[in-house]
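This report concerns only the one structure given below.
The values are calculated or read from the model by the stated rules, or taken from the named source; none is laboratory data. Computed from a prediction, not measured in an experiment: that's the story for all the values here. Glycine also receives a Cβ, built like all others from the backbone with ideal geometry; neighbour counts cover every protein chain displayed.
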């Protein structure tokens, strides 16, 4: 039982280390997003607003919010893939 607990602790430590290493890259990628995409993403993800809530906060149609979130997700995937760091700094 103790060995299983130690293995779980090592996995948890590795995950925490990965998160600490990844966070600056994610923050840089979010900062590199165009303003409209970044605003929609932050309201949706961090403020936990619905699509409708984001639309009301930004005074936009819901379809525009959905488009901006879709583009933001695609940009983040692109920026966070291997080699994407150079694209973040280039913006």
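Evaluate the following for residue 60: is it closer than 22 Å to residue 26 by Cα, at pLDDT 95 or above and either out of contact with any strand residue (DSSP E or B) (no Cβ under 7 Å at 6 or more places or on another chain) or surrounded by fewer than 11 Cβ atoms within 10 Å (Cβ to Cβ) (or both)? It is false that residue 60 is closer than 22 Å to residue 26 by Cα, at pLDDT 95 or above and either out of contact with any strand residue (DSSP E or B) (no Cβ under 7 Å at 6 or more places or on another chain) or surrounded by fewer than 11 Cβ atoms within 10 Å (Cβ to Cβ) (or both).
Filtered by the rule that a residue be assigned to a helix (DSSP H, G or I) and farther than 17 Å from residue 27 by Cβ, segment 43-57 gives 51, 52, 53, 54, 55, 56, 57.
Residue by residue, here is whether (1) over 13 Å from residue 73 (Cα atoms); (2) in a helix (DSSP H, G or I); (3) in contact with a helix residue (DSSP H, G or I) (Cβ under 9 Å, 6 or more places away or on another chain); (4) at pLDDT below 95 holds:
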{"position": "3", "(1), (2), (3), (4)": "yes, yes, no, yes"}
{"position": "6", "(1), (2), (3), (4)": "yes, yes, no, yes"}
{"position": "11", "(1), (2), (3), (4)": "yes, yes, no, yes"}
{"position": "15", "(1), (2), (3), (4)": "yes, yes, no, yes"}
{"position": "20", "(1), (2), (3), (4)": "yes, yes, no, yes"}
{"position": "25", "(1), (2), (3), (4)": "yes, yes, yes, yes"}
{"position": "28", "(1), (2), (3), (4)": "yes, yes, yes, yes"}
{"position": "36", "(1), (2), (3), (4)": "no, yes, yes, no"}
{"position": "41", "(1), (2), (3), (4)": "no, yes, yes, no"}
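When you scan segment 66-90, how many residues do you find that are over 11 Å from the mean Cα position of the chain (by Cα), farther than 16 Å from residue 25 by Cβ and either surrounded by fewer than 18 Cβ atoms within 10 Å (Cβ to Cβ) or at pLDDT below 90 (or both)? Total meeting the criteria: 4.
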